[in-house]
Amino acid sequence: MTKIVAVSDVHGKYAPEDWIKLPPGDILLIAGDFLANYSSIRSKDAILQKVEWEGLVPLLNSLPYERVFVIAGNHEFLFESYQYKYFQQGKVFYLEGQQISYKGLSFYGFPWQPRFYDWAFNIPRNSKEMQELLNKIPKDTDVLISHGPPFGYGDISSRNERCGCELMAEHLPNLKKLKLHVYGHIHPSYGRCEFPKGCISANVSVCNERYQPVNAPQVFSIEV
């Protein structure tokens, strides 16, 4: 049994002591929007987020997890601007359309979501481009880390609108080994359900709609 701790949408609100107080586990997943936004200028935010990220990596490496898997969110201009794609330092791995295996489980990072204002990793809704990105998710994926939710699951906004990805909802049942899908993006829909059958589906947003870090990290025990 592997214990996985998951968070998303921290938005720079965690002080070092908050990261250190995360629940114990084997693996930490960070499903995007963990860095702060500093301005309305993409290029400026990307530079400032790069400084924040470079300071955060050593802290993440100091945490008592065997691996830390990170993806970007729609606020992470850093990763879109600098095109990291794949990054590994110590036990911290940034995944962008990448699969990695550990402790008998395969993990895949998917930062893209249907267009949401003028943010990062936006893809036109119901587009061929989105379908092509989804088709690249390996069929043997056990744990999917995406920033956005599938349509109909953990995706109700503060305006009572569903913001999830329709194509993702259609595609997930094709991943027959999928055991856990964590995401965030839509802060008010924190919580978990089951989708597709046999898969834990969880919105792990830490911040609420007012960007206050009020939601607890979620912990999952996954059998290999």
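Test each condition in (1) modelled with pLDDT under 95; (2) open to solvent by less than 70 Å² (accessible area, probe 1.4 Å); (3) out of contact with any Pro (no Cβ under 8 Å at 6 or more places or on another chain); (4) not hydroxyl-bearing (Ser, Thr, Tyr) for residue 118 and report the one that comes out false.
The one condition residue 118 does not meet is (2).
Considering only residues that are over 18 Å from residue 121 (Cβ atoms), open to solvent by less than 50 Å² (accessible area, probe 1.4 Å) and either touching a residue at least 12 places away in the same chain (Cβ under 8 Å) or among the basic types (Lys, Arg) (or both), which ones fall in segment 15-30?
19, 22, 23, 25, 26, 27, 28
Of the residues that sit in segment 31-59 and are open to solvent by less than 40 Å² (accessible area, probe 1.4 Å), among the hydrophobic types (A, V, I, L, M, F, W, C) and free of Cβ contacts under 8 Å to residues at least 60 places away in the same chain, which one is nearest to residue 10 (Cα to Cα)?
34
Between 100, 137, which is over 14 Å from the mean Cα position of the chain (by Cα), open to solvent by 10 Å² or more (accessible area, probe 1.4 Å) and of a type in the set (Val, Ile, Thr)?
Unique residue meeting the criteria: 100.
As an exercise: evaluate residue 106 against (1) open to solvent by less than 50 Å² (accessible area, probe 1.4 Å); (2) under 18 Å from residue 192 (Cβ atoms) and give the number of the one condition it does not meet.
Going through (1) open to solvent by less than 50 Å² (accessible area, probe 1.4 Å); (2) under 18 Å from residue 192 (Cβ atoms) one by one, residue 106 breaks only (2).
Which residues, counting only those in segment 146-165, are open to solvent by less than 10 Å² (accessible area, probe 1.4 Å) and more than 21 Å from residue 208 (Cβ to Cβ)?
If the condition is that a residue be open to solvent by less than 10 Å² (accessible area, probe 1.4 Å) and more than 21 Å from residue 208 (Cβ to Cβ), then 150, 165 are the ones that fit.
Residues checked against (1) at pLDDT 95 or above; (2) on the phi < 0 side of the Ramachandran plot; (3) within 15 Å of the chain's Cα centre (by Cα):
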| position | (1), (2), (3) |
| --- | --- |
| 39 | no, yes, no |
| 46 | no, yes, no |
| 51 | no, yes, no |
| 57 | yes, yes, no |
| 60 | yes, yes, no |
| 82 | no, yes, no |
| 92 | yes, yes, yes |
| 104 | yes, no, no |
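Taking residue 179, is it of a type in the set (Lys, Arg) and surrounded by fewer than 17 Cβ atoms within 10 Å (Cβ to Cβ)?
no
Looking at segment 162-186, which of its residues are free of Cβ contacts under 8 Å to residues at least 12 places away in the same chain and touching a helix residue (DSSP H, G or I) at 6+ places or on another chain (Cβ under 9 Å)?
Listed by number, the list holds a single entry, 170.
Suppose we keep only residues that are within 19 Å of residue 155 (Cβ to Cβ) and in contact with a Pro (Cβ under 9 Å, 6 or more places away or on another chain) within segment 206-217. Which one would you say is surrounded by the fewest Cβ atoms within 10 Å (Cβ to Cβ)?
Going through the qualifying residues, I end up with 209.
Given the criteria in a helix (DSSP H, G or I) and over 12 Å from residue 6 (Cα atoms), does residue 171 qualify?
So residue 171 fits the description; yes.
The values are calculated or read from the model by the stated rules, or taken from the named source; none is laboratory data. Please read all numbers here as calculations on a predicted model, not as lab measurements. Because the Cβ atoms are built from the backbone with ideal geometry, glycine has one as well, and the counts that use them run over all protein chains shown. With ligands, DNA and RNA removed, areas are computed over all heavy atoms of the protein, side chains included. Shrake-Rupley method; radii C 1.70, N 1.55, O 1.52, S 1.80 Å.
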